Amino acid sequence: MPAVVIANNGDVPEFEGRMTFSVFVCVVIAACGGLMFGYDIGVSGGVTAMDDFLKKFFYQVWERKQQAHENNYCKYDNKKLQLFTSSLYIAALIASFLASKTCSKFGRKPTMQLASLFFIGGVALTTFAVNIEMLIIGRLLLGCGVGFANQAVPLFLSELAPAKIRGALNISFQLFITIGILIANIVNYAVGKIHPYGFRISLGIAGVPALLLCFGSLAIYETPTSLIERKKVEQGRAVLKKIRGVDNVDLEYDSIVHACEVASQITQPYHELMKRESRPPLVIAIVMQVFQQFTGINAIMFYAPVLFQTVGFGSDAALLSSVVTGLVNVLSTTVSVVLVDKVGRRALLLEACVQMLITQCIIGGVLMKDLKTTGTLPNGDALVVVIMVCVFVAGFAWSWGPLGWLIPSETFPLETRTAGFSFAVSSNMLFTFVIAQAFLSMLCHLRAGIFFFFAAWIVVMGLFALFLLPETKGVPVDEMVDRVWKQHWFWKRFFNDEQVVEKGAVEMIHPHLT
């Protein structure tokens with residue numbers, strides 16, 4: 001039984017197609033790019049809680065931890081330690097723009113292969129690092145891998161998937177990120193007692209998903225859109241038939257060809273992005289990334305072991321608590337996979353804003369009341385914090401986490417798709433860097449108030465989603481302009497169709513005036 005695109009209005013033709021085994025294989029292999037990213041998020045926070053790692057590279061931080069009356073909020077406040085985590089994201093920011101060019105010129109598949117090679121090089125350097133300089137250079141290479149993967153994989157998934165299940169398949173990228181975080185947390189917990197090189201095992205295992213992507217990508221198809229865009233028309237039609245599982249792909253093929261013809265007229269896509277009609281998807285793409293980071297999620301996921309130690313858990317217990325939050329993250333992302341193409345994007349985002357706001361306020365309130373500069377939380381309060389962190393992570397995992405990548409990957413027209421999505425990736429990396437670099441210092445200075453800082457941002461993003469974010473459920477990626485942006489109460493003003501019609505009428509009646 002073929003799956004078809006459910007149109008928002010009856011006069012739009014439906015594209016035939018079904019979920020095929022070929023698409024499944026492509027999705028799983030491509031999503032290993034998310035596994036790389038997720039494992040790195042989890043491992044970087046875990047090793048910074050390991051004494052052997054701190055003694056080797058950040059001795060001052062380790063000394064501060066040994067003090068009898070250490071400051072709960074400031075014991076990890078070290079610029080170099082924050083740079084270890086955040087340097088990756090500066091490299092990813094720059095790499096995303098290079099990846100945009102690679103995606104357009106060579107395709108999504110070679111870009112993913114480059115991502116895996118960068119990542120493998122970074123893993124080698126960080127695993128065998130003997131000084132902080134070698135460690136940071138390795139992180140920069142990892143960042144290049146993340147930048148290339150985060151640019152190529154969501155685009156690959158959105159272009160490969162049938163429109164009816166595009167949301168679910170695209171969210172597999174985020175699902176694999178959460179799986180990567182969980183695996184990293186489990187590995188960190190397992191090797192925490194292996195002295196003095198347990199942290200090197202954690203860092204080295206990051207090469208596994210990179211190898212899976214490197215060799216697995218040899219077996220997957222390039223997207224039909226990328227092939228046709230690069231003038232490989234017959235190959236594009238053949239791949240489209242294979243991934244849709246039907247012979248009649250004429251409507252979708254013609255739609256892609258038309259989009260490619262329009263895109264081929266654009267020689268400077270970044271210049272095109274600055275035009276008025278390109279602003280709606282560009283603004284949405286950038287704002288979604290900013291909001292995703294200002295939920296506070298990466299602060300919690302990067303530094304979960306550190307955070308749990310701050311509220312009174314020992315080192316082993318802190319790592320175990322991170323495993324629990326990682327498991328919640330994975331299970332909750334599957335909720336998004338099931339619901340995103342049924343209830344839509346906006347409903348998930350708005351519900352999660354309420355959930356995350358409540359949990360951030362409770363965490364902040366508990367810490368403000370009971371966690372002083374020294375000492376630990378009472379056991380009951382510490383348990384409340386862990387539960388609230390899990391509820392917060394659950395809300396994020398079925399909303400702003402996966403949809404922060406899904407929505408920008410599906411809303412740009414083809415002529416600005418790779419360039420526009422590079423802005424989304426670079427914005428994500430920039431604000432991830434800002435949060436990663438600033439969180440421990442903010443925790444030191446704002447103390448429990450940091451959670452109210454993030455709560456205020458959640459209010460802003462909820463209002464944005466309510467009034468300015470359009471619904472994109474079930475709309476083919478190459479029909480977003482006509483069926484989404486031109487129909488939205490606010491964004492339609494950026495598409496002045498009346499002037500175009502009037503100009504055409506003038507040219508017909510008074511051709512000498514044009």
- Query: Do we find that Gly245 is at positive phi and surrounded by 17 or more Cβ atoms within 10 Å (Cβ to Cβ) in this structure?
  - Reply: yes
- Note on the structure: Quick count over segment 383-399, residues being among the hydrophobic types (A, V, I, L, M, F, W, C) and within 15 Å of the chain's Cα centre (by Cα), is 4
- Message: One residue is enough: does segment 409-417 have a residue meeting the conditions part of a helix (DSSP H, G or I) and under 17 Å from Gly147 (Cα atoms)?
- Response: yes
- Task: Search segment 91-118 for residues that are free of Cβ contacts under 8 Å to residues at least 24 places away in the same chain and pair each with any residue that is crowded, with 17+ Cβ neighbours inside 10 Å and in a helix (DSSP H, G or I) when their beta-carbon atoms are under 7 Å apart and the residues are at least 6 apart or on different chains.
- Result: Pro110/Thr102
- Within segment 250-269, the count of residues that are free of Cβ contacts under 8 Å to residues at least 12 places away in the same chain and assigned to a helix (DSSP H, G or I) comes to 3
- Are any of the residues in segment 329-343 open to solvent by less than 10 Å² (accessible area, probe 1.4 Å), touching a residue at least 12 places away in the same chain (Cβ under 8 Å) and hydrophobic (A, V, I, L, M, F, W, C)? yes
- Filter segment 82-137 for residues that are open to solvent by 40 Å² or more (accessible area, probe 1.4 Å), over 23 Å from Tyr221 (Cα atoms) and among the β-branched types (Val, Ile, Thr) and give the result. Ile90, Ile94, Val130, Ile137
- Query: When you go through (1) buried (at least 24 other Cβ atoms within 10 Å of the Cβ); (2) out of contact with any Cys (no Cβ under 7 Å at 6 or more places or on another chain); (3) at pLDDT 85 or above one by one for Ile458, which number turns out not to apply?
  - Reply: (2)
- Residues (within 12 Å of Asn188 (Cβ to Cβ) and open to solvent by less than 10 Å² (accessible area, probe 1.4 Å)) located in segment 42-63: Gly42, Val43, Ser44, Gly45, Gly46, Val47, Thr48, Ala49, Phe53
- The number of residues in segment 228-242 that are surrounded by fewer than 24 Cβ atoms within 10 Å (Cβ to Cβ) and touching a residue at least 40 places away in the same chain (Cβ under 8 Å) is 2
- Return the total of residues in segment 438-454 being within 13 Å of Thr85 (Cβ to Cβ) and surrounded by 18 or more Cβ atoms within 10 Å (Cβ to Cβ). 2
- Query: Can Ala352 be described as open to solvent by less than 10 Å² (accessible area, probe 1.4 Å) and at pLDDT 90 or above?
  - Reply: yes
- Taking segment 419-437 and keeping only residues that are open to solvent by less than 10 Å² (accessible area, probe 1.4 Å) and more than 28 Å from Leu81 (Cβ to Cβ), one is left with Ala419, Gly420, Phe421, Ser422, Ala424
- Query: Among the numbered criteria (1) closer than 22 Å to Thr411 by Cα; (2) surrounded by fewer than 23 Cβ atoms within 10 Å (Cβ to Cβ); (3) in contact with a Leu (Cβ under 6 Å, 6 or more places away or on another chain), which single criterion is violated by Ala161?
  - Reply: (2)
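The values are calculated or read from the model by the stated rules, or taken from the named source; none is laboratory data. These numbers come from a predicted model, not from an experiment. Neighbour counts run over all protein chains shown; Cβ positions are idealised from the backbone, glycine included. Side chains are part of the model used for accessible areas, which takes the heavy atoms of the whole protein and leaves out ligands, DNA and RNA. Shrake-Rupley method; radii C 1.70, N 1.55, O 1.52, S 1.80 Å.
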